[in-house]
Amino acid sequence: MSQFDYDLFVIGAGSGGVRAARISASHGAKVAIAEEYRVGGTCVIRGCVPKKMLVYGSMFAEELSHAEKYGWSVGEKSFDWAALRDFVNGDVDRLEGLYGKTLESHDVELIAERATIAGPNTVKLASGREITAKHILIAVGAWPAMPDFPGVEHCISSNEIFHLEQQPKCLMVVGGGYIAMEFAGIFNALGSEVTVVNRSDKILRSYDDQIVERMLHIAMGRGINFRMHSEIKSVERTAEGCLSVDLGESNRVQVDQILIATGRNPKTDGLGLENAGVQLGEKGEIIVDEYNRTSCESIYAVGDVTDRVQLTPVAIREGHAFADSVFGGNPRTIDYDFIPSAVFSQPPLAGVGMTEKEARRTHGNVRVYSSDFRPMKNIFSPHAERGLYKMIVDDTSGKILGIHMIGPESPEILQVAAVALKAGLTKDAFDDTVALHPSMAEELVLLK
Ligand code: FAD
């Protein structure tokens with residue numbers, strides 16, 4: 001008989017926690033998982049999934065007008081935000097149910113309560129009950145960072161945007177990261193007037209400069225306003241119910257919704273980590289080693305709470321590696337090289353490996369191949385938007401160091417191209433591959 005109630009207690013049923021719980025249970029561990037909100041976590045409930053559905057929903061505005069050019073009679077078009085919102089949230093409910101069933105079918109006990117750390121082997125539930133476990137895994141994710149200015153309580157974060165009563169006529173989006181660009185694109189396509197406010201003139205910092213420049217050019221062409229080097233000083237609600245935003249230097253703007261998307265901080269506040277001596281970094285992230293071990297021997301952490309790479313597939317891999325290491329007799333780490341990522345802006349952009357700037361800094365001599373083309377899909381676009389693909393190659397070895405692209409479907413294309421980088425392929429391998437015509441992806445094997 002074990003001296004503990006469980007072999008593993010997981011705090012947080014999101015991407016990392018669910019995978020870790022399920023795999024640990026399949027290795028024979030007795031597992032419980034606590035969730036304070038909804039099973040599935042950020043990605044499923046208020047992140048990747050509902051966001052991508054909103055992107056799809058918003059793209060119909062353009063696609064319906066293309067359809068007419070292809071001979072379809074579309075009739076009178078109108079858009080109903082509540083219908084899209086409810087459809088998306090309905091699918092989120094369905095997915096939440098599936099995640100719950102997965103836990104159940106793997107004999108993981110789900111405890112629908114907030115849990116905190118009471119000691120190296122003890123968690124305390126919101127109800128006051130204490131539970132012991134041989135190992136504890138913290139997978140509580142991250143939380144939107146909200147700036148501190150008078151009236152910030154009138155603003156929303158990405159958590160709330162999926163539940164808006166009404167589509168904003170005028171939306172201000174604060175931030176220059178991927179979440180800001182994605183929601184700016186969604187609401188612009190849906191017909192809202194969108195203004196992006198950013199503290200510096202740099203957006204999407206981790207992506208290639210030229211690709212980001214193209215994104216900005218296209219976004220402005222589509223009517224998104226950008227106010228760079230700008231910051232909100234205060235927000236007031238007017239008698240008419242609008243939000244009056246003071247941007248300093250006598251700049252006052254009225255909007256009806258403000259989305260703050262200025263990053264996400266590890267959700268470690270009030271988690272009781274001091275009760276087990278779990279060390280935190282400067283941003284409040286849990287410090288872990290390559291095996292996801294914290295400074296307390298019995299406690300591990302995976303996913304956004306460790307602030308390594310805040311992406312779902314990474315949290316899932318970390319959770320899986322944890323389970324295999326601790327319960328599967330197969331200690332393993334994960335490889336953080338060449339993680340592909342995308343921004344589902346309109347059009348989307350995607351990248352893997354080094355940007356041109358990084359490659360020049362670290363490798364000196366690099367070759368840059370690019371294709372600046374007009375996708376066939378865009379022939380009816382009034383904006384004549386062009387795609388741009390770039391490949392960065394090490395001049396000495398010929399190995400590909402990075403691929404970056406913007407254009408329709410670029411995340412779908414980049415996922416496959418990322419395999420080539422992971423396999424250490426050279427540009428020659430792409431040149432040797434026959435083009436698949438007509439496609440946008442063929443530009444990758446025709447790069448000059
Ligand atoms: P989470 O999925 O956040 O799960 C943590 C869970 O812990 C939550 O369910 C939370 O309620 C629960 N919890 C917290 N504290 C406690 C507690 N004390 N007790 C009990 N339960 C607790 N990633 C991508 O890869 N692609 C994308 O396109 C993408 N889009 C995104 C869009 C948005 C708007 C956002 C916000 C995020 C997006 N992400 C995307 C990031 C992705 O959602 C996260 O990287 C991922 O969910 C991290 O998984 P996790 O397991 O670390 O945490």
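Where a number appears in this text, it was derived from the coordinates with a stated rule and is not lab data. Computed from a prediction, not measured in an experiment: that's the story for all the values here. Because the Cβ atoms are built from the backbone with ideal geometry, glycine has one as well, and the counts that use them run over all protein chains shown.
Taking 56 Å as R0, compute the FRET efficiency from the Cβ-Cβ separation of residue 213 and residue 129 and round it to 0.05. Once rounded, the FRET efficiency stands at 0.55. The gain in end-to-end length when the residue 199 to residue 118 segment is fully stretched comes to 25.2 nm, 0.36 nm per residue minus the alpha carbon separation. Ranked by the mean number of other Cβ atoms within 10 Å of their residues, highest first, the peptides 340-352, 101-113 fall in the order 340-352, 101-113. When +1 charges are put on Lys and Arg Cβ atoms and -1 charges on Asp and Glu Cβ atoms, the dipole computed for the chain relative to its Cα centre reaches about 460 debye. Indicate the gyration tensor shape class of the chain (rounded, prolate or oblate), computed on the Cα atoms with a ≥ b ≥ c the square roots of the eigenvalues: a/c under 1.5 is rounded; otherwise a/b larger than b/c is prolate and the rest oblate. Verdict is oblate for the chain. For the stretch 365-417, the list of chymotrypsin sites (Phe, Trp or Tyr not before Pro) that fall in a loop by DSSP and count at most 15 other C-beta atoms within 10 angstrom reads 380.
Each label was represented as a point 7 Å from its Cα along the Cα-to-Cβ direction; for residue 337 and residue 206 these points are 1.8 nm apart. Note on residue 70 and residue 2: the extension gain reaches 17.6 nm, defined as 0.36 nm multiplied by sequence separation minus the Cα-Cα distance.
Ellipsoid semi-axes for the stretch 347-445, based on the Cα gyration tensor and the rule √(5λ), read 24, 15, 11 Å when sorted largest first.
For residue 360 and residue 26, the FRET efficiency from 1/(1 + (r/R0)^6), where r spans their Cβ atoms and R0 equals 45 Å, is about 0.45. For the listed peptides 416-423, 432-439, 192-199, a ranking on the average number of other beta carbons within 10 Å per residue, highest first, reads 192-199, 416-423, 432-439.
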